[in-house]
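The values are calculated or read from the model by the stated rules, or taken from the named source; none is laboratory data. Computed from a predicted model, the values in this text were never measured in an experiment. With ideal geometry, Cβ positions are generated from the backbone for all residues, glycine too; neighbour counts draw on all protein chains shown.
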Amino acid sequence: MCDITFFVSSLTQTKKMGQRIFTIIGVLCLLINCQPEKIWDVEYEITQVDQDSLQLLKVKMTLPADSCGQTILTYQDRTWGEENLHNTVHYANLLGVKGEVSMDKKTGQVILQYPKNLENIEFEYALKQDFDHPINTSVTYRPIILPEYFHVFSHNLFMLPEVDVPTLDIRLLWKGFDAPQVVHNSFGSNSSIQEIVAIAPEEFHSAIFLGGDFNIQEITIQDNKVFLATRGDWVPFTPEEMKTLLEKTSTVQRDFWNDHSQPYFTVTMQPFEQELGSSCQGTGLTNSFATSFSNNNYIDMEQMVHLFNHELLHNWIGHRIQNDNEELEYWFSEGFTEYYTYKNVAKHKINGLGAAFFISSMNDMIKNLEALSIKEVPNSEVNYNNFWTNPEYQKLPYFRGALYAFYLDYTIQKTSQGKYSLDDFMLELLAAADEGNKFNRELFLEHMTHYLPDADQIGYTRFIENGNPIPFQDFFEAQGLAYENNTILYELGFAFNKDQTEVVRVVSGSAAEKAGVQRGDLVLSRSIWYGNPEKEVQLTLSRNGEEHQILYYPRREAEIAILKNNQENQQQLKL
Ligand SMILES: [Zn+2]
């Protein structure tokens, strides 16, 4: 290796002596490998080992030592709704020096102490899976380390040095993952050496890492790579169908936002066994979207279409266009994401779903909102506390926001005589967000007035701030859309206590009351299809020591306007 002084002086020389000499020196330099060796803030070497039938992921860290003999690593014990993540560390040792390793659950830190004045330190730890029952949604955020594969989120796999710089240069060395074994993650696919330069620590820690017997499918969209990583056989669909869905969805969305800037993106799908019902989890991460699904016939393509479209849209709504105040602006970040999920799918006939799907989705939104007991609360009540503790508050911003977007989209189209739509507003908003503006009331109104100058027509105060219902009958009439007025809504008709063992409230006049559900009844067993008025509720209740079998349809009739799903309407909506 030539020394750096030589390289710098030769560059100075070239200025005097011309381009030709620079080229010669440049070539010479290359020949003798003139570049100083890159110093990484941290290097990780990862190997999967079978130690007495215990599967471990061994991670060896190499990093510059601190002159005072102490390095602090971030490694949370409690995060993403999980507790005791430190239990997944099988061992942790400093290599080659005498020192001490202590793990602090409370602060989420690992403290390394070693002799002063070392140049580098080597530290090794091994991770294990800390449960032995089959995988279900309760464990998908814990490390899964099995003989066939591993599935670990970055914050759990990599202890990260706490340093006073905004970004880190990180190198990953994967040992022993030879084909057909794969290594696949938020930063690349099947590279045994990964060099990740100038990454913010939180961005690095918000990532998925997997390896083993995954099946990797590659898609190219305008020179950018999109990957789908799955494993095993799927009951309800083939990996090829999922690949087609991902390709179509990504293309349509990138075209919509006129944004083909992301060179690498991956979606991961981890299947797990489940006998009854469906469950899934999805998390948007750095360059990726990680999902876990129950692999059975209760899950269908339409759910997947919805999930992929909704989650991938968050790349722009939610990530690029960021809320100023999380929960208060969920009507936008969740509601508008939901609306564009339906609109994009229908407009581009993803999985064969078209205008009929759009109409039935809007009707479902209207019915679902109407079925909420809190449907008219002001937006200020959609706060952290209510949102994260009450399932009704969790649904409200999706339904209310999506319906508001529907209203705005067609009101803009009508007012501008077809010249503009909500799409133009969204693109304008993205440009404003890229200039450093966060999404809030002021930004929304400032840009919305470019399309609807009349504040009353925008209706923000009424429909969002005050939570008044959008008068859909008037809206449909103004748009020349045919509608009907009587509809069946889902209504369970009673409320449980917290652990769902007792009936604490019965809605008067409800089907549940007519079927004989009474306040104070103890719930011995139940079968409820939440949100579905077509499926009978089955309850076994106990009252004064006597058992009662109860059966009823959880529904009520309501006088609300919904769209007729006919050809005239499908054409009139001009998707
Ligand atoms: Zn969402």
Task: Verdict on residue 371 being away from the ligand (no atom under 16 Å from the Cβ) and at pLDDT 95 or above - done: no
TODO: Might you check whether a residue that is without any contact (Cβ under 8 Å) to a residue 12 or more places away in the chain, in a loop (DSSP other than H, G, I, E, B) and of a type in the set (Gly, Ala, Ser) occurs anywhere in segment 176-183?
DONE: yes
- [ ] Could you pull out every one of the strands (runs of 3 or more DSSP E) wholly within segment 79-168 that has 1 or more residues that are outside the structural domain of residue 201 (by TED's automatic domain parsing), touching a helix residue (DSSP H, G or I) at 6+ places or on another chain (Cβ under 9 Å) and at pLDDT 95 or above?
- [x] none
Task: Residue list for segment 315-334, filter: buried (at least 21 other Cβ atoms within 10 Å of the Cβ), in a loop (DSSP other than H, G, I, E, B) and more than 11 Å from the ligand (Cβ to nearest atom) - done: 316
- [ ] May I ask you to verify whether residue 513 is assigned to a helix (DSSP H, G or I), outside the structural domain of residue 399 (by TED's automatic domain parsing) and either surrounded by fewer than 17 Cβ atoms within 10 Å (Cβ to Cβ) or in contact with a Pro (Cβ under 6 Å, 6 or more places away or on another chain) (or both)?
- [x] yes
Open item on the list: Kindly evaluate residue 60 against the criterion of being out of contact with any helix residue (DSSP H, G or I) (no Cβ under 6 Å at 6 or more places or on another chain) and modelled with pLDDT of 95 or more.
Closed with: yes
TODO: State the number of residues belonging to segment 543-562 that are without any contact (Cβ under 8 Å) to a residue 60 or more places away in the chain and either of a type in the set (D, E, K, R) or surrounded by 14 or more Cβ atoms within 10 Å (Cβ to Cβ) (or both).
DONE: 7
Task: Selection count, segment 451-491, where residues are touching a residue at least 40 places away in the same chain (Cβ under 8 Å), under 18 Å from residue 365 (Cα atoms) and surrounded by 15 or more Cβ atoms within 10 Å (Cβ to Cβ) - done: 14
TODO: Output yes when any residue across segment 253-263 is within 15 Å of the ligand (Cβ to nearest atom), in contact with a Leu (Cβ under 7 Å, 6 or more places away or on another chain) and assigned to a helix (DSSP H, G or I), and no when none is.
DONE: yes
Task: Matching entry among 237, 204, 256 (being under 30 Å from residue 163 (Cβ atoms), touching a helix residue (DSSP H, G or I) at 6+ places or on another chain (Cβ under 8 Å) and not small (Gly, Ala, Ser)) - done: 204
Open item on the list: Taking the condition of being free of Cβ contacts under 8 Å to residues at least 60 places away in the same chain and within 25 Å of residue 79 (Cβ to Cβ), how many residues in segment 295-316 meet it?
Closed with: 4
Task: Filter pass, residue 523 being of a type in the set (Val, Ile, Thr), surrounded by 13 or more Cβ atoms within 10 Å (Cβ to Cβ) and in contact with a Lys or Arg (Cβ under 7 Å, 6 or more places away or on another chain) - done: no
Open item on the list: Tell me whether segment 492-501 contains one or more residues that are part of a strand (DSSP E or B) and under 22 Å from residue 405 (Cα atoms).
Closed with: no
Task: Residues of segment 299-314 satisfying the condition of being away from the ligand (no atom under 12 Å from the Cβ) and either assigned to a loop (DSSP other than H, G, I, E, B) or among the polar types (S, T, N, Q) (or both) - done: 299, 300, 303
Open item on the list: Name the single residue that is nearest to the chain's Cα centre (by Cα) among those in segment 247-256 being in contact (Cβ under 8 Å) with a residue 40 or more places away in the chain and farther than 21 Å from residue 188 by Cα.
Closed with: 253
Task: Residue match in segment 218-237 (condition: out of contact with any Phe, Trp or Tyr (no Cβ under 9 Å at 6 or more places or on another chain), basic (Lys, Arg), touching a residue at least 60 places away in the same chain (Cβ under 8 Å) and over 16 Å from residue 153 (Cβ atoms)) - done: no
Open item on the list: Would you confirm, using the coordinates I've provided, whether residue 275 is within 15 Å of the ligand (Cβ to nearest atom), exposed (fewer than 15 other Cβ atoms within 10 Å of the Cβ) and not hydrophobic (A, V, I, L, M, F, W, C)?
Closed with: no
Task: From the options 278, 250, residue that is hydroxyl-bearing (Ser, Thr, Tyr) and assigned to a loop (DSSP other than H, G, I, E, B) - done: 278
- [ ] Of all residues in segment 74-119, count the ones that are of a type outside the set (A, V, I, L, M), surrounded by 12 or more Cβ atoms within 10 Å (Cβ to Cβ) and touching a residue at least 60 places away in the same chain (Cβ under 8 Å).
- [x] 7
Task: Residue under evaluation residue 244, criteria (1) assigned to a strand (DSSP E or B); (2) more than 14 Å from the chain's Cα centre (by Cα), criterion not met - done: (1)
Task: Residue that is of a type in the set (Ser, Thr, Tyr) and over 30 Å from residue 424 (Cα atoms), where the choices are 261, 189, 288 - done: 189
Task: Close pairs (6 angstrom Cβ cut-off, 6 or more residues apart or separate chains): among the aliphatic types (A, V, I, L, M) in segment 120-140, surrounded by fewer than 17 Cβ atoms within 10 Å (Cβ to Cβ) and in a loop (DSSP other than H, G, I, E, B) anywhere - done: 139/131
TODO: Looking only at segment 241-259, decide whether some residue is surrounded by 14 or more Cβ atoms within 10 Å (Cβ to Cβ) and under 21 Å from residue 144 (Cβ atoms).
DONE: yes
